[in-house]
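The values are calculated or read from the model by the stated rules, or taken from the named source; none is laboratory data. Remember, it's a predicted structure, so these values are computed and weren't measured experimentally. Positions of Cβ are backbone-derived with ideal geometry, glycine not excepted, and every protein chain shown enters the neighbour counts. Remember, those area values only see protein heavy atoms, side chains included, never the ligands or the DNA or RNA. Shrake-Rupley method; radii C 1.70, N 1.55, O 1.52, S 1.80 Å.
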Protein chains: 2
Amino acid sequence: MTLKYYHAEPVANSLKSMVPLIEKGLAFESIYVDLHKFEQHSDWFVAINPEGQVPVLDHDGNIITHTTVINEYLEDVFPAVPLRPRNPIGAARMRYWNKFVDEHVMNHVSMHGWHRMVGIIARKIESGEFEKLMTRIPLPDQRKKWQTARSGFSEADLANATQKIVYAIDKVNAQLAKTAWLAGDDYTLADINFYSHCGMMVERMFPELEVAKRCPPLVAWRENMTARPAVARALAGEDRTAPGLRTWRG
Amino acid sequence: MTLKYYHAEPVANSLKSMVPLIEKGLAFESIYVDLHKFEQHSDWFVAINPEGQVPVLDHDGNIITHTTVINEYLEDVFPAVPLRPRNPIGAARMRYWNKFVDEHVMNHVSMHGWHRMVGIIARKIESGEFEKLMTRIPLPDQRKKWQTARSGFSEADLANATQKIVYAIDKVNAQLAKTAWLAGDDYTLADINFYSHCGMMVERMFPELEVAKRCPPLVAWRENMTARPAVARALAGEDRTAPGLRTWRG
C-alpha cells in the first residue's frame with residue numbers, strides 16, 4: 001500500500017487533508033509542491049491533477065482531489081481512527097458543517113489571503129511573463145482569480161467577504177457554546193475544515209473583529225485544536241512563503 | 001420508523017432528495033411546502049428548519065437539511081438499494097461530481113430561474129408587504145437573493161452564470177462521452193444531482209446553447225434519467241407554480 005500526499009504550506013486545503021493523515025497514523029510520502037515556483041501548473045503536476053491544484057492524494061495510483069472528498073475517502077478506507085461519526089446522524093451533522101465551510105467560509109478567507117499575499121506576488125511578475133503563466137492555469141475560475149489578484153480585488157468584494165466571515169464565526173461560535181466540537185461531542189473532519197480555513201488564523205488576519213472578546217468558545221476550541229499532537233505536527237511542515245508574506249500563518 | 005419529506009415542486013433541491021427516496025422504495029410521508037404562499041418562512045416550518053429552506057428530511061424526529069447531506073444520510077441508513085458506490089474510489093468520484101454541481105452549477109442555473117420566475121413574483125408584491133416578507137427570511141443570503149430578484153439581476157451576473165453553465169455542460173458531456181454515468185459505470189447521486197439542477201431543463205431554459213447539437217452524450221444520458229420509473233414518479237409530483245411561470249419545469 002502506498003500513499004502519497006502532494007501539498008503546499010500547512011494552511012487551508014493543504015493542511016486540511018494533512019491532519020487526518022497524521023491523526024490516523026498513516027504512513028505516507030509527503031511531496032511539497034512549490035506554489036511560489038508555480039509547480040502546481042507544471043507539466044509533471046498537471047499530469048497528476050489536470051485541474052492544477054493542490055492538494056492531491058495518490059493511493060496506490062488512484063488520484064483523489066478536493067479535500068472534503070479526500071477526507072471522506074480516508075474515512076471509507078481507513079476507519080480505524082474515526083474522524084467521521086459512525087452513527088449516521090453524527091455524520092450528517094459533520095457534513096452539514098463541512099458544506100458550510102466549503103461554500104460559505106473558504107472562498108471568503110481565501111480572497112483576503114490572496115488580496116494580501118498573492119496580489120503582491122502577482123504584481124511583481126512582468127507583463128509578458130504573467131500572461132504566459134496564465135495560459136498554464138487549467139481552471140478558468142483560477143485564471144480569473146489570479147488576474148483579479150493582480151489588478152486588485154474591489155473594496156466591495158472584500159467588504160462582502162468580511163461580512164461573510166463575521167457571519168461564519170458567529171455561527172460557529174454559537175455552536176461551540178453548546179457542544180465541544182462542531183458536529184457535537186466528537187472531534188471530526190468539520191473541526192479540521194473550519195480550523196484550516198478560518199479558525200487557526202482568524203484573529204491574526206482580522207484583529208479588528210476582536211475575536212477573543214466576541215467569541216470565547218471559538219477561541220477555547222481553537223486552543224484545543226492547536227494542542228492536538230497531529231495538528232501541531234502538521235503545522236510544523238515546510239513553508240517556502242517569504243516570511244513577510246505569511247498572511248495566513250503569521 | 002417514520003420518514004417525512006418536506007418539499008416544494010419536483011425540480012432542483014426538492015427533486016434531488018425525492019428521487020433517492022423513491023429509488024430506494026422507502027415509505028415516506030410527502031409534505032408539500034407552498035413556496036408561493038411563503039410557507040418556508042412561516043413559524044411552523046422555521047420551527048422544523050431554522051434556515052427556512054426546503055427540502056427537509058425528518059427521520060424519527062431527527063431533522064436533516066441540505067440535499068447532498070440528506071442523500072448521503074439515506075445511503076448510510078438505507079444501503080440496500082445503493083446510489084453511492086460501495087467501493088471508496090467510486091464514492092470519491094461521486095462526491096467529486098456532487099461537489100462540482102453543488103458549487104459550480106446549482107447557483108448559476110438558480111439565478112436564471114429566479115430572474116425569470118421569482119423576479120416576476122417579487123415585483124408583484126406591494127412595497128410594505130415585501131419588506132414584511134423579508135423580515136421573515138432567516139438566512140441573510142436568501143434575503144439578499146429576494147431583494148436582487150425584485151430589483152433585477154445584473155446583465156453581467158446573468159452572463160457570468162450562463163458562462164458557468166456552458167462550462168458545466170461541456171465538462172459533464174465530456175465525462176458522459178467516456179462513461180455511462182457521471183461517476184463511472186453506476187447510476188449514482190451525482191447523476192440525480194446534475195439532472196435535478198441542470199440536466200432536466202437545460203435545453204428548455206437555454207435553447208440558444210443548442211444542447212442537442214453540442215452535447216449528444218448528455219442528451220442521451222438525460223433520456224436515460226427521465227426514463228427511470230423513480231424519476232418519472234418524482235416528476236409527476238405536485239406543482240402549484242402558475243403555468244406561465246414554470247421556467248424550470250416547462
(message) Tell me yes or no: at least one residue of segment B:99-116 is open to solvent by less than 10 Å² (accessible area, probe 1.4 Å), closer than 13 Å to residue B:186 by Cβ and at pLDDT 95 or above.
(response) no
(request) Go through segment B:85-107 and count every residue that is of a type outside the set (A, V, I, L, M, F, W, C), closer than 12 Å to residue B:182 by Cβ and more than 7 Å from chain A (Cβ to nearest Cβ). (result) 4
(message) Anything in segment A:68-81 that is in contact with a helix residue (DSSP H, G or I) (Cβ under 8 Å, 6 or more places away or on another chain), open to solvent by 30 Å² or more (accessible area, probe 1.4 Å) and touching a residue at least 40 places away in the same chain (Cβ under 8 Å)? List them, or say none.
(response) A:81
(message) Against the definition (closer than 20 Å to residue A:68 by Cβ and either surrounded by 18 or more Cβ atoms within 10 Å (Cβ to Cβ) or free of Cβ contacts under 8 Å to residues at least 24 places away in the same chain (or both)), how does residue A:134 come out, yes or no?
(response) no
(request) Sort out which residues of segment B:117-141 are closer than 11 Å to residue B:41 by Cα and either in contact with a His (Cβ under 9 Å, 6 or more places away or on another chain) or hydroxyl-bearing (Ser, Thr, Tyr) (or both), and write them in order of number. (result) B:133, B:135, B:136, B:137, B:138
(message) Among the numbered criteria (1) touching a strand residue (DSSP E or B) at 6+ places or on another chain (Cβ under 7 Å); (2) without any contact (Cβ under 8 Å) to a residue 24 or more places away in the chain; (3) away from chain B (no Cβ under 14 Å), which one does residue A:28 miss?
(response) (2)
(message) When the residues of segment B:82-94 are narrowed to those that are assigned to a helix (DSSP H, G or I) and without any contact (Cβ under 8 Å) to a residue 40 or more places away in the chain, which ends up surrounded by the most Cβ atoms within 10 Å (Cβ to Cβ)?
(response) B:92
(message) Please return the ranges of helices (runs of 4 or more DSSP H) entirely within segment A:137-198 where 3 or more residues are open to solvent by less than 30 Å² (accessible area, probe 1.4 Å) and either in contact with a Pro (Cβ under 8 Å, 6 or more places away or on another chain) or charged (D, E, K, R) (or both).
(response) A:189-194
(request) Name every residue in segment B:222-250 that is open to solvent by 60 Å² or more (accessible area, probe 1.4 Å), farther than 26 Å from residue B:188 by Cβ and assigned to a helix (DSSP H, G or I), in order of residue number. (result) B:243, B:244
(message) Return the residues of segment B:43-67 that are among the polar types (S, T, N, Q), part of a loop (DSSP other than H, G, I, E, B) and open to solvent by 10 Å² or more (accessible area, probe 1.4 Å); say none if nothing qualifies.
(response) B:53
